[in-house]
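First up is the structure itself, then whatever we jot down about it.
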Amino acid sequence: MELVIDRLTKQYQNKIAVDRISLRLEKGVYGLLGSNGAGKTTLMRMICGILKPTGGTVTFNGMDVSREEYRAVLGYLPQDFGYYPDFTGMDFLLYMASLKGLSRNTARKKAKKLLEMVNLTDSAGKKIRTYSGGMKQRLGIAQALLNDPQIIVLDEPTAGLDPKERVKFRNLIAELGKDNIVILSTHILSDIEHIADVVLMMKNGQLIYQDKWREEMDDLEAFYLEQFERKEQ
């Protein structure tokens with residue numbers, strides 16, 4: 001299992017949002033750090049095949065991510081995920097499962113399991129418009145996992161989650177990273193502390209740091225700030 005990003009670039013008129021990034025990802029959790037405007041979301045949208053790059057390529061096991069077959073192995077939670085407010089949580093997952101090509105029987109079993117995993121079983125029959133922000137986010141995480149994806153891309157997935165939910169979510173991500181490629185974008189450092197196998201840092205569309213997580217990086221916040229200060233000198 002290998003996701004290869006080769007000299008990936010995205011330019012909007014005079015602004016370069018992603019600047020010639022190259023990465024080779026295998027199984028594990030990749031924590032993508034950077035402030036707003038660093039280019040994280042643009043990079044993730046190109047990894048998902050949603051946004052066409054200006055230059056460079058993204059391939060999974062040799063297959064270009066623009067191909068339809070790639071959708072079958074991808075799970076994606078965008079930062080601003082759209083919901084149907086009059087759907088119940090269960091109806092929404094069944095609808096998303098149908099879009100992903102799951103049979104009705106498989107979809108119902110999978111949806112039930114995922115609702116339990118994200119602690120929404122008791123709210124499965126309630127309309128989404130009654131959900132809190134954290135509940136909607138948990139539902140979004142569930143839909144990203146419906147098709148047992150090999151690549152899981154999560155853009156600011158802990159937005160709206162309370163501290164207890166964050167801990168449970170981090171444990172889930174760590175487990176998923178054992179058999180899949182998980183890319184988790186965040187500006188909250190504690191989201192990736194101790195669960196990221198590799199730390200990636202972006203600034204101004206460029207990758208300014210890429211390395212395996214090391215136990216001696218106890219104070220990730222200081223390390224994070226140090227990298228940004230060094231870049232500006």
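The values are calculated or read from the model by the stated rules, or taken from the named source; none is laboratory data. Nothing here was measured: the structure is a model prediction, and the numbers come from that model. In this analysis, Cβ positions are derived from the backbone assuming ideal geometry, glycine residues included, and neighbour counts consider all displayed protein chains. Heavy atoms of the whole protein, side chains included, go into the accessibility calculation; ligands, DNA and RNA do not. Shrake-Rupley method; radii C 1.70, N 1.55, O 1.52, S 1.80 Å.
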Looking at (1) open to solvent by 20 Å² or more (accessible area, probe 1.4 Å); (2) touching a residue at least 24 places away in the same chain (Cβ under 8 Å), which is the only condition Gly75 fails? (1)
Test: Leu176 is under 14 Å from the mean Cα position of the chain (by Cα) and not small (Gly, Ala, Ser): yes
Among the residues of the stretch 11-29, how many are farther than 30 Å from Leu172 by Cβ and of a type in the set (D, E, K, R)? 3
I'm trying to understand the selection: among the residues of the stretch 14-36, which are under 17 Å from the mean Cα position of the chain (by Cα) and of a type outside the set (A, V, I, L, M, F, W, C)? Arg24, Glu26, Lys27, Gly28, Tyr30, Gly31, Gly34, Ser35, Asn36
Can you list the helices (runs of 4 or more DSSP H) lying wholly within the stretch 86-202 that have 2 or more residues being modelled with pLDDT of 90 or more and open to solvent by less than 20 Å² (accessible area, probe 1.4 Å)? 89-99, 104-117, 133-144
Could you say whether any residue in the stretch 50-57 is in contact with a helix residue (DSSP H, G or I) (Cβ under 7 Å, 6 or more places away or on another chain) and assigned to a loop (DSSP other than H, G, I, E, B)? yes
If you go through Thr59, Thr54, the only one that is touching a strand residue (DSSP E or B) at 6+ places or on another chain (Cβ under 6 Å), at pLDDT 95 or above and open to solvent by 70 Å² or more (accessible area, probe 1.4 Å) is Thr54
